[in-house]
Amino acid sequence: GLRVVDVSDPANPAELGTLGSSWAADVAVWEHFAFVANGFDGLMVVDVQDPASMSIVGSYDTGDWAQGIFSVGSTVYVADEYDGMYVLQFDPTTADDARLHEVPLMMVLGSPWPNPASSLSFIPCRLGADLSVFAAVYTPAGRMVKILHHGYLPSGEHLLRWEAGNCPAGAYVCRITAAGSSATTALIVRP
């Protein structure tokens, strides 16, 4: 669960309040709100203004196991062990069921599969908007080996396909660029 402890006197820490929960893997604080990565229960937002009577004021199901959290103001970044990263915006002025909403990431590049591969690999990517995309495979030295996509892709899930063909066994890098940012992932070609 969540515990609020006064450590103003480090020699005598004093517990000010507790709130039971299934799991509190990580916590971040903004103003008088605690954002809690709460395991299988996703993100939990707790009003800690009065630690003796804390209350849950919002929650968001991240899909699997919320294990890490970071916040910049009211923007909350939640790492879910199997479902990836969520970027959420918290608005304490709205009704309870609308306080948290997902901020779409412009681009997320997934793990290639199979990897390592002997000939064919698929690289999943998700776009948060309709974007012009450039995706290519490079050697570790930066020499372009193959362009996978160059042009418009609609918002949503996509699979980029790489046929290694005559590429020698070794390590390669897939880089996708869109909306002024880029992401990379490693590809391994086996003999």
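Per-structure values
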quantity	calculated
Of all accessible heavy-atom area on the chain, the percent that carbon and sulfur account for (1.4 Å)	54 percent
Nearest-0.05 FRET efficiency for Ala179 and Val29, computed from C-beta distance (R0 22 Å)	0.10
Where labels lie 7 Å past Cα in the beta-carbon direction, separation of Leu16 and Thr94 in nm	2.9 nm
Cα-based Rg of region 103-178 normalised by 2.2 N^0.38 Å, two decimals	1.10
Rule-of-thumb Rg ratio for region 17-96 [Cα; 2.2 N^0.38 Å; N residues]	1.00
Inter-site label distance for Arg161 and Arg143 at 7 Å from Cα along Cβ, in nm	2.7 nm
For region 1-120: relative contact order, % (alpha-carbon pairs under 8 angstrom, 6 or more apart)	15 percent
Two-decimal Rg to Rh for the chain - Kirkwood Rh, Cα set	1.13
Heavy-atom accessible area per residue - region 1-99, 1.4 Å, Å²	54 Å²
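The values are calculated or read from the model by the stated rules, or taken from the named source; none is laboratory data. Just so you know, these numbers come straight off a predicted model, no measurement behind them. Note: ideal-geometry Cβ built from the backbone for every residue, glycine included; neighbour counts use all protein chains shown. Surface accessibility is based on the protein's heavy atoms, side chains included, excluding ligands, DNA and RNA. Shrake-Rupley method; radii C 1.70, N 1.55, O 1.52, S 1.80 Å.
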